[in-house]
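The next block holds one structure in the form of structure tokens; read it before the comments.
The values are calculated or read from the model by the stated rules, or taken from the named source; none is laboratory data. The model shown is predicted, which means the values in this text are computed figures rather than measured ones. Note that each Cβ is placed from the backbone with ideal geometry, even for glycine, and that neighbours are counted across all protein chains shown.
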């Protein structure tokens, strides 16, 4: 499966975020930004052509900074795009 942690979204694996890296991506007008914190991951979701700084973020949620939280974040992203 390459370097993506999801079959639908282009997401890096948990270690990428544990290393302090943020990641932004999109799929058919659905946009997401993953931001690591000290003990959590923040996921932002929005629709449209604007970048996260200019867009109205439709949903933002924090998840635990472990595999369970990461899997929950991917599940929410899948629910949000459908």
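Scanning the stretch 59-73 for residues that are touching a helix residue (DSSP H, G or I) at 6+ places or on another chain (Cβ under 8 Å), without any contact (Cβ under 8 Å) to a residue 40 or more places away in the chain and surrounded by 14 or more Cβ atoms within 10 Å (Cβ to Cβ) yields 61, 63. The lone criterion from (1) part of a loop (DSSP other than H, G, I, E, B); (2) touching a helix residue (DSSP H, G or I) at 6+ places or on another chain (Cβ under 6 Å); (3) at pLDDT 95 or above left unmet by residue 6 is number (3). Out of all the residues in the stretch 21-55, which are at positive phi and in contact with a helix residue (DSSP H, G or I) (Cβ under 9 Å, 6 or more places away or on another chain)? Answer for the stretch 21-55, where residues must be at positive phi and in contact with a helix residue (DSSP H, G or I) (Cβ under 9 Å, 6 or more places away or on another chain): just 28. When residue 76 is tested against (1) in contact (Cβ under 8 Å) with a residue 60 or more places away in the chain; (2) surrounded by 14 or more Cβ atoms within 10 Å (Cβ to Cβ); (3) out of contact with any strand residue (DSSP E or B) (no Cβ under 6 Å at 6 or more places or on another chain); (4) more than 18 Å from residue 21 (Cα to Cα), just one condition goes unmet, and that condition is (1). Of the strands (runs of 3 or more DSSP E) contained entirely in the stretch 17-58, those carrying at least 2 residues that are under 14 Å from the mean Cα position of the chain (by Cα) and surrounded by 17 or more Cβ atoms within 10 Å (Cβ to Cβ) fall at 30-36, 40-47.
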